[in-house]
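Engineer: Sending over a structure as structure tokens; questions will come in a sec.
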Amino acid sequence: MTSAPQKVGHEEQEFIPLEQQPPSSPSPPRASPQPAPILPVHQHSRYPPPVTASRTAHPAVYVATWIFLSSIVILFNKWVLFTAGFPIFLTTWHMLFATLATQGLARWTSLLDGRRKIKMTGAVYVRAVLPIGVTFSLSLIFNNQAYLYLSVAFIQMLKAITPVAVLLTSWALGVKKPDIGVLANVGVIVAGVALASYGELHFVLVGVGFQLAGIAAEAARLVLIEKLLAAPELRMDPLVTLYYFAPVCGVLNALAFVVFEGGRLAVQDVLNLGVGILVLNALAAFALNIALVFLIGKTSSLVLTLCGVLKDILLVAASVLIWGTEVALLQLLGYSIALGGLTYYKLGAETLQATLKHATHRTKLAWSTFTERRPVLRKAVPWTAAFLLLLFLLHTLLAPSPPSLAPPHLRPAGRTPPTPTLDTAYMPRRRLDIVVAMYRESPSTVGAQLRTLTSLPALAALNPHIIIYAKDAAQSADAIKHHTGAAAVHFLPNRGREGATYLHHINTHWNDLAAHTLFVQAELHSAAAVAARIDDYFDPARTGMLALGFAHGVCECRHCQDPWGGPDVWSRVPQIYEAVTGEKCSRPILLSYAGQFIASAARLRGTRKGVYEELGEVVESGGEHWIHGDKRDGGRFGDEVDNPYFGHSLERSWMVLLQCVDPGLAETCPRLDDRRREGEGAERCQCLDS
């Protein structure tokens, strides 16, 4: 297999594949080509002038730096998107920050003096820089959108197909000549990724579509950057490249933001996240962009792709071993096939065989040397391993099971989701209650939020009745009433998060529930998007359960996790499903988030009151209760009486408690900012009573 010439600096050097290099050469060794200088070389020089080792770094430094920064940015972005949403806004902010940063470096440092030697005409800008900006913008937008739907581990598996996209794009753009043998080799990678996708437990078609589109845009970007850096008339260093294409990306992303997210993002959403967090996030992304263009400038797009696969393997391993993300055996098989095909594509059969033979020989030699020096340990090691395995098996088989929230006798699951039980005989006296779970929030801020909600036409017409439950005894009931207009203020012990507050209201107002109840926390998550969702979908005559959290998610009964990954396993959610439905949990469970929703009295009373009472006792229990012994596996959340781990399970269970269990909602309405389009039915984002 012959490799294309590899770019070294700004000149092409012949690259001999590893499998074609002899172990030793009788001819005098040829001096290695020196890495290119950071600033462009003179136009008349054939090769860049020699550079001492003190002025450049080993390529491994660029590789390690890029892998580290890329992983940090992925985790950081995932957290930001999990907290605030709005992926296009995030990418726009990154590019605008990069534009300002490069402009500042150009004005006050000499790092960008190389741009003065570039004859950047309008025609050159359109031909060379603009395409990179377009593909980069599309790559950022599509990839960040995918993180809203898919887990980190599954996205990294899908990214294994990136080398195939890069290869096909390089053929299409004439960078490399098509080769049928290479195409058959990369077909193995495609087959492995397809198998991994088939085994995905949380497969969301929309998310996969976004990720594949992002991979295609990324492949185009990588090949175009390689052509741009190698073009004779545009010999610019990587930082100058970022100087030119960051403004293009910023403008294009800003236009996309105005069209798709501008009407939903409120200033308060940004302030809730924190300006400092945004600045740190942009700094990390800017550092990654610098590392990226330096890496491409020193190597090639294929080397970058292979480095990306190594980084993806590390992220998948971290998700499985540390975060607890569930990965099916079929996925691991498919991903292994894809990585095997990729490794063969990189090294070739002869090199793989030689490497494996060498590794096997070294392992046997090391074990033989170890046992000769320590003959006692030769027998002790196997016996110790057997003893530890026996202890593990005994612990697994004999460890007592924690109590379950599900009833002891369950009927088998049907072929379709269970039909909800509605209390249609109940006659409410009020049309709408707004129940607010409050702690130490400012009464004036809560009042402003409530005025925004009650001014919505769909709610204002129902003469809403506001009930506030406060958990800080230092608050003044009169002050709360004055600022919020609440009809009633009740003080509760600070236990069980907002879920305990909602259960208290349901249990104490069982015979006095309004026709609909809006349950909210004192600080709304994404207030503008909540208002839009209510305007779009709330129908007093039909709405049964309308979730107002940032997303709909789905988890599996046997291993319930959030669809975007994370270390936490919500083992109590399937038990709540079984307690509500009375049937064995065997189908995907619809999850809710953020503790904000509208529910009808018919739905609330359709679930047995005993279920609410039992859950209320559990979530408000003291530290001696068995629920506080639930295994957390190093998750993100702790366990305190005022903020129990079980409270987060309860937050995810309101769809189940109100018998809105069709997992199809996660497909038709995955995000809070999904607006209702003309002609779409009201059932797209909610469960209807009629």
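The rows are residues; the columns are (1) free of Cβ contacts under 8 Å to residues at least 12 places away in the same chain; (2) closer than 22 Å to residue 636 by Cβ; (3) of a type in the set (Ser, Thr, Tyr).
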| position | (1), (2), (3) |
| --- | --- |
| 504 | no, no, no |
| 511 | yes, no, no |
| 538 | no, no, no |
| 541 | no, no, no |
| 555 | no, yes, no |
| 573 | no, yes, no |
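Engineer: Is at least one residue of the stretch 624-638 buried (at least 16 other Cβ atoms within 10 Å of the Cβ) and modelled with pLDDT of 90 or more?
Structural biologist: No, there is no match, as no residue in the stretch 624-638 is buried (at least 16 other Cβ atoms within 10 Å of the Cβ) and modelled with pLDDT of 90 or more.
Yes or no, residue by residue, for (1) at pLDDT 85 or above; (2) surrounded by fewer than 18 Cβ atoms within 10 Å (Cβ to Cβ); (3) more than 27 Å from residue 148 (Cβ to Cβ):
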{"residue": "87", "(1), (2), (3)": "no, no, no"}
{"residue": "93", "(1), (2), (3)": "yes, no, no"}
{"residue": "97", "(1), (2), (3)": "yes, no, no"}
{"residue": "102", "(1), (2), (3)": "yes, no, yes"}
{"residue": "109", "(1), (2), (3)": "no, yes, yes"}
{"residue": "114", "(1), (2), (3)": "no, no, yes"}
{"residue": "117", "(1), (2), (3)": "no, yes, yes"}
{"residue": "120", "(1), (2), (3)": "no, yes, yes"}
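Engineer: Restricting attention to the stretch 206-222, does a residue exist that is among the basic types (Lys, Arg) and either more than 23 Å from the chain's Cα centre (by Cα) or at pLDDT below 75 (or both)?
Structural biologist: no
Engineer: Now a separate question. Can you name the residue in the stretch 326-335 that is in contact with a helix residue (DSSP H, G or I) (Cβ under 7 Å, 6 or more places away or on another chain) and surrounded by fewer than 19 Cβ atoms within 10 Å (Cβ to Cβ) and, of all such residues, is modelled with the highest pLDDT?
Structural biologist: If we take residues in the stretch 326-335 being in contact with a helix residue (DSSP H, G or I) (Cβ under 7 Å, 6 or more places away or on another chain) and surrounded by fewer than 19 Cβ atoms within 10 Å (Cβ to Cβ), then 333 is modelled with the highest pLDDT.
Engineer: Could you tell me whether residue 402 is modelled with pLDDT of 65 or more, surrounded by 10 or more Cβ atoms within 10 Å (Cβ to Cβ) and part of a loop (DSSP other than H, G, I, E, B)?
Structural biologist: Considered against the rule, which asks whether it is modelled with pLDDT of 65 or more, surrounded by 10 or more Cβ atoms within 10 Å (Cβ to Cβ) and part of a loop (DSSP other than H, G, I, E, B), residue 402 comes out as no.
Engineer: Follow-up. One residue is enough: does the stretch 642-655 have a residue meeting the conditions free of Cβ contacts under 8 Å to residues at least 40 places away in the same chain and not aromatic (Phe, Trp, Tyr)?
Structural biologist: no
Engineer: In the stretch 675-686, is there at least one residue being closer than 30 Å to residue 494 by Cβ and at pLDDT 90 or above?
Structural biologist: no
Engineer: What pairs come up if the first residue lies in the stretch 457-474 and is on the phi > 0 side of the Ramachandran plot, the second is assigned to a strand (DSSP E or B) and of a type outside the set (D, E, K, R), and their beta carbons are under 9 Å apart, counting only those six or more places apart or on different chains?
Structural biologist: Pairs found: 463/432.
Engineer: Every residue in the stretch 600-651 that is closer than 22 Å to residue 553 by Cβ, of a type in the set (Ser, Thr, Tyr) and part of a loop (DSSP other than H, G, I, E, B), please.
Structural biologist: The one that is closer than 22 Å to residue 553 by Cβ, of a type in the set (Ser, Thr, Tyr) and part of a loop (DSSP other than H, G, I, E, B): 607.
Engineer: Please go through the stretch 507-527 and pick out each residue that is assigned to a helix (DSSP H, G or I) and closer than 14 Å to residue 597 by Cα.
Structural biologist: The answer is 527, and nothing else.
Engineer: Is it true that residue 258 is under 25 Å from residue 72 (Cα atoms), modelled with pLDDT of 80 or more and among the β-branched types (Val, Ile, Thr)?
Structural biologist: no
Engineer: Next up: In the set 183, 140, which member is in contact with a helix residue (DSSP H, G or I) (Cβ under 9 Å, 6 or more places away or on another chain), of a type outside the set (Val, Ile, Thr), surrounded by fewer than 18 Cβ atoms within 10 Å (Cβ to Cβ) and not in a loop (DSSP other than H, G, I, E, B)?
Structural biologist: When all the criteria are applied, what remains is 183.
Engineer: So, one more: For residue 166, indicate whether it is over 25 Å from residue 337 (Cβ atoms) and touching a residue at least 24 places away in the same chain (Cβ under 8 Å).
Structural biologist: no
Engineer: In addition: Do you know which residues across the stretch 584-607 are open to solvent by 10 Å² or more (accessible area, probe 1.4 Å) and either free of Cβ contacts under 8 Å to residues at least 12 places away in the same chain or not small (Gly, Ala, Ser) (or both)?
Structural biologist: Scanning the stretch 584-607 gives 584, 585, 587, 588, 605.
Conditions tested, residue by residue: (1) modelled with pLDDT of 75 or more; (2) open to solvent by 10 Å² or more (accessible area, probe 1.4 Å); (3) over 30 Å from residue 674 (Cβ atoms); (4) in a helix (DSSP H, G or I).
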| site | (1), (2), (3), (4) |
| --- | --- |
| 135 | yes, yes, no, yes |
| 144 | yes, yes, no, yes |
| 156 | no, no, no, yes |
| 170 | yes, no, yes, yes |
| 178 | yes, yes, yes, no |
| 197 | no, yes, no, yes |
| 203 | no, yes, no, no |
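Engineer: Of the conditions (1) crowded, with 22+ Cβ neighbours inside 10 Å; (2) within 19 Å of residue 604 (Cα to Cα); (3) charged (D, E, K, R), residue 512 satisfies every one except a single condition; which number is it?
Structural biologist: So residue 512 meets the others, but not (1).
Engineer: Of everything in the stretch 655-690 that's in contact with a His (Cβ under 9 Å, 6 or more places away or on another chain) and part of a loop (DSSP other than H, G, I, E, B), which residue is most open to solvent (accessible area, probe 1.4 Å)?
Structural biologist: 663
Engineer: May I ask you to verify whether residue 124 is assigned to a helix (DSSP H, G or I) and open to solvent by 10 Å² or more (accessible area, probe 1.4 Å)?
Structural biologist: Considered against the rule, which asks whether it is assigned to a helix (DSSP H, G or I) and open to solvent by 10 Å² or more (accessible area, probe 1.4 Å), residue 124 comes out as yes.
Engineer: Kindly provide the set of residues from the stretch 443-459 that are open to solvent by 50 Å² or more (accessible area, probe 1.4 Å) and either among the small types (Gly, Ala, Ser) or over 21 Å from residue 688 (Cα atoms) (or both), ordered by number.
Structural biologist: Scanning the stretch 443-459 gives 444, 445, 451, 452, 455.
Engineer: Moving on to the next point. Does residue 547 satisfy the criteria of being closer than 21 Å to residue 661 by Cβ, small (Gly, Ala, Ser) and buried (at least 24 other Cβ atoms within 10 Å of the Cβ)?
Structural biologist: The answer is yes for residue 547.
Engineer: Could you check the stretch 564-583 and list, in sequence order, the residues that are in a loop (DSSP other than H, G, I, E, B), of a type outside the set (Gly, Ala, Ser), open to solvent by 10 Å² or more (accessible area, probe 1.4 Å) and out of contact with any Phe, Trp or Tyr (no Cβ under 7 Å at 6 or more places or on another chain)?
Structural biologist: 569
Engineer: While we're on this one: Just give me the residues in the stretch 465-485 being open to solvent by less than 50 Å² (accessible area, probe 1.4 Å), within 19 Å of residue 527 (Cα to Cα) and either part of a helix (DSSP H, G or I) or at pLDDT below 95 (or both), in sequence order.
Structural biologist: 484
The values are calculated or read from the model by the stated rules, or taken from the named source; none is laboratory data. Model, not experiment: these values are computed from the prediction. Positions of Cβ are backbone-derived with ideal geometry, glycine not excepted, and every protein chain shown enters the neighbour counts. Heavy atoms of the whole protein, side chains included, go into the accessibility calculation; ligands, DNA and RNA do not. Shrake-Rupley method; radii C 1.70, N 1.55, O 1.52, S 1.80 Å.
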